[in-house]
1. Quickly run through segment 207-218 and pick out the residues that are in contact (Cβ under 8 Å) with a residue 40 or more places away in the chain and under 17 Å from residue 275 (Cα atoms).
2. Can you find a residue that is in a loop (DSSP other than H, G, I, E, B), under 24 Å from residue 45 (Cα atoms) and of a type in the set (Lys, Arg) anywhere in segment 301-318?
3. Can you run down the residue pairs with Cβ atoms below 6 Å, 6 or more apart or on separate chains, where the first is in segment 400-414 and farther than 16 Å from residue 154 by Cβ and the partner is surrounded by fewer than 18 Cβ atoms within 10 Å (Cβ to Cβ) and of a type outside the set (Gly, Ala, Ser)?
4. Where the second residue is assigned to a helix (DSSP H, G or I) and the first is more than 13 Å from residue 381 (Cβ to Cβ) and lies in segment 70-82, which pairs have Cβ atoms under 8 Å and are six or more apart or on separate chains?
5. Please determine whether any residue of segment 183-194 is in contact with a strand residue (DSSP E or B) (Cβ under 9 Å, 6 or more places away or on another chain), free of Cβ contacts under 8 Å to residues at least 40 places away in the same chain and buried (at least 17 other Cβ atoms within 10 Å of the Cβ).
6. Kindly indicate whether any position in segment 237-252 is modelled with pLDDT of 95 or more, within 21 Å of the chain's Cα centre (by Cα) and within 16 Å of residue 99 (Cα to Cα).
7. Scan segment 149-202 for residues that are part of a strand (DSSP E or B) and not hydrophobic (A, V, I, L, M, F, W, C) and report the count.
8. Residue 264 - would you say it is in the same structural domain as residue 369 (by TED's automatic domain parsing), farther than 21 Å from residue 383 by Cβ, among the acidic types (Asp, Glu) and not in a loop (DSSP other than H, G, I, E, B)?
Amino acid sequence: MNELTHADVLVLGGGASGIAAAVAAAKAGLQVALIERNPFLGGLATAAEVGTICGLYKFSKKESSEYIAGRFAKDFAECLKIKSGTKPLFNPSGLHYLPYHIEAFKKLCSDLLDEHKVKRFLNTKLYSLSRSDTKIESVSVNTEGESFRFTIGSVIDCSGDGLLSQLADLPLIKSEHYQAAAQVFTLQNLNETDESILGLVLMKELRRAIKEKKLALYFDRVYVIPGSLTHHCVSIKIGLPLDVTHAPENLHELKRVAHTFIHELTGYLIQHVPVFKNASVLHIAPQVGIRVGLRTTGRYILTEEDVLQCKKFEDGIANVSWPIEEWEQDRRVKIRYLKEDDFYQIPARCLQSNTMDNLFTAGKCISATDAAIASARVMGVCLQTGYSAGFMAAASALNTPLADTIKQIREREL
């Protein structure tokens, strides 16, 4: 095993929250390293090709999209808009979101790490760590068949599944039933250029096919990704009819089921629906979208009541107006909205491990109940929690008071 230079702050995961965390920590003048299991950056935003950033804007039925997220998330979104050539969209319920292009997202992540001199390690997996009673002391990784050990000042888990806490045998928040997974794929050669009409046609034809028992009931969980119809191509998201268990073989089985689902769905559409008669599958996202995973138990656990009552906190570091969005196996999405033009906050304590002084979390790993994470997991929120976790981890590595850092985050971001 080769010994690597000490990293003041180590970030696990190169998705939205990981990029934000690495940038924030690097701004403190620290040596920052980022580990990503995929051969490219972006996490599920690029590997699962989510296609839209939710959680950036106020929940409002006004047509104009007004930011609720903090300064870094806003700047990230503005850059992504330019690179993607897109603009915010909204639906009649009052939800606003930003479509983006996958390659533009990857490029923006790479540019940010380059700008802030963050060392990145792609195709790299964490496999062990050492710790004391109160600190994570080092982590061991494998990259390109070679093993390394990082000694660290502090560490931020942006893995999406609480990997650091799993390896350290720390308290975890687990779910009895995890939200349904999704698979995105792209069809080409469609005979329709209006996305709203295409969505209505797809919904109508699938409901009829289900009613006539030509397709199984779970084929009602098919959605056009907003803003994706361009040049006669469209991206479609399907909810998978298989439980998410996080067992070792589960991800492989989810992918198998997804490809079977796509084959049956496209076969039916091409044969029976005129706008799809010349269509074919152009591309399937390389990774299944897992919405919720294991979370690290923090110094505070965000609750359903906090979300729905729009609770504010003295140590709040993120503003959120996205609803509780639950995707279950037996029905289409269930949404519980906040009060219009209001928001709740995520306290900094949700980003702090309740056992390890130098372990912080961001994104889908934060300390939250099932219902609360169903709101807080979206990308616009991940950008906020990531950026805050980066500053908090830097403060920990520098042995400066966290209370002062949290105050600064609130002043700069909120």
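The values are calculated or read from the model by the stated rules, or taken from the named source; none is laboratory data. What you see is a predicted model; the values in this text were computed from it and never measured. No Cβ is skipped: glycine too gets one built from the backbone with ideal geometry, and neighbour counts run over all protein chains shown.
1. 209
2. Among the residues of segment 301-318, not one is in a loop (DSSP other than H, G, I, E, B), under 24 Å from residue 45 (Cα atoms) and of a type in the set (Lys, Arg), which makes the answer no.
3. Going by the 6 Å Cβ cut-off, the qualifying pairs are 413/71.
4. 71/412; 71/413; 79/108; 80/104; 80/105; 80/108
5. Scanning segment 183-194, I find no residue that is in contact with a strand residue (DSSP E or B) (Cβ under 9 Å, 6 or more places away or on another chain), free of Cβ contacts under 8 Å to residues at least 40 places away in the same chain and buried (at least 17 other Cβ atoms within 10 Å of the Cβ), so the answer is no.
6. Yes, that holds for at least one residue.
7. Looking only at that region, the number is 8.
8. No: the conditions fail for residue 264.
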